[in-house]
Amino acid sequence: MNISSVLYCEVLKVLRSKVFWLSFVLFSISLGIMALGFEQRSWTAYFDSFLTLAANMGLIVNFSIASWVFGREFTDKTNKDLVAKPTSRATVVLSKFIIIFLWGIVFMIFLFLFSLAVGLLLGLTEFTSALVAGAFQKFIVTSLLYILISTPGAFFASLSKGILAPIGILFVIAIAANVLGNTGVAIYFPWTIPNLFLETGYLNPVSIAILISTGIAGIIGTFAWWRFAEQE
């Protein structure tokens, strides 16, 4: 099987799963709740609140997606079928990372468009195309950064052969990010760096190097595990 065939199978797995659709429903509800409690009437204030919420979602959603895409093969006991097929393990892993990227992008674009629709329904003032473009630019870059550092979730899901361990690690990361977010250490902790970009629109070279290193480490670790580990 070539990568296009494997990728097609991965797409079908995602579309047929309840997790994919529930991710859209649950976070749409979260955004709707935020909108209901929103008292200010300007788009500027609305986007500020939305981007803060989206940044928090970005960590949780993308790490969970990476964990689920790999971990479900073990919880559903389909990992043996994957390695038994006449397809290299590297192709399987690559197709899953492509799915993680596409899922994250589709989810975040949907979230932004949904936020626009909610804002229009609220009748907010001071709407300009430049304001929307600026908010979207910050939002999409921040989202891409969170997708990049979600790759350790794939590694931990493979290493632990399930979803529970990476989700537990995610909670630890989220707590650490919350504690370190307003300290000088934030520029060195991978999972607080995207939020720094959201706030400032800038990242120093050290933070960029940490983000890239974290993403690459997760990818290499996952490829190595699937290449050398025995699939029991």
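The values are calculated or read from the model by the stated rules, or taken from the named source; none is laboratory data. These numbers were taken from a predicted model, which means no experiment stands behind them. All Cβ positions, even for glycine, are placed from backbone atoms using ideal geometry, and neighbour counts span all protein chains on display.
Annotations for the structure displayed:
- The lone exception for K77 - which of (1) touching a strand residue (DSSP E or B) at 6+ places or on another chain (Cβ under 9 Å); (2) on the phi > 0 side of the Ramachandran plot it fails: (1)
- Take the conditions (1) over 24 Å from L36 (Cβ atoms); (2) surrounded by fewer than 21 Cβ atoms within 10 Å (Cβ to Cβ); (3) modelled with pLDDT of 90 or more; L131 misses just one of them, which is (1).
- Verdict on S150 being over 21 Å from G218 (Cα atoms), of a type in the set (S, T, N, Q) and touching a Phe, Trp or Tyr at 6+ places or on another chain (Cβ under 7 Å): no
- For G221, the conditions (1) assigned to a helix (DSSP H, G or I); (2) over 20 Å from S95 (Cβ atoms) all hold with the exception of (2).
Residue by residue, here is whether (1) at pLDDT 90 or above; (2) in contact with a Pro (Cβ under 8 Å, 6 or more places away or on another chain) holds:
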residue	(1), (2)
S42	no, no
T52	no, no
S67	yes, yes
F70	yes, no
K77	no, no
L82	no, no
K85	no, no
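- Looking only at the range 165-197, and only at residues there that are in a loop (DSSP other than H, G, I, E, B) and surrounded by fewer than 14 Cβ atoms within 10 Å (Cβ to Cβ), the one that is farthest from the chain's Cα centre (by Cα): T183
- S143 fulfils the conditions (1) small (G, A, S); (2) without any contact (Cβ under 8 Å) to a residue 12 or more places away in the chain; (3) buried (at least 21 other Cβ atoms within 10 Å of the Cβ) except for a single criterion, (2).
- Every residue from the range 53-69 that is surrounded by 19 or more Cβ atoms within 10 Å (Cβ to Cβ) and more than 17 Å from L148 (Cβ to Cβ): W68
- When residues of the range 1-18 are limited to those that are loosely packed, with under 14 Cβ neighbours inside 10 Å and hydrophobic (A, V, I, L, M, F, W, C), the one farthest from the chain's Cα centre (by Cα): L12
- On the stretch given as the range 198-214, residues that are in a helix (DSSP H, G or I), surrounded by 12 or more Cβ atoms within 10 Å (Cβ to Cβ) and not polar (S, T, N, Q) total 6.
- When we screen F38, F50, F27 for residues that are part of a helix (DSSP H, G or I), touching a Ser or Thr at 6+ places or on another chain (Cβ under 8 Å) and surrounded by 14 or more Cβ atoms within 10 Å (Cβ to Cβ), the only hit is F50.
- Among the conditions (1) more than 20 Å from M108 (Cα to Cα); (2) at pLDDT below 90; (3) among the hydrophobic types (A, V, I, L, M, F, W, C); (4) under 17 Å from the mean Cα position of the chain (by Cα), the only one that L31 does not satisfy is (1).
- Close pairs (8 angstrom Cβ cut-off, 6 or more residues apart or separate chains): free of Cβ contacts under 8 Å to residues at least 40 places away in the same chain in the range 177-191, among the aromatic types (F, W, Y) and outside any helix (DSSP H, G or I) anywhere: L180/F189
- Restricting the range 1-24 to residues that are modelled with pLDDT of 80 or more and not in a helix (DSSP H, G or I), the residue that is nearest to L145 (Cα to Cα): S17
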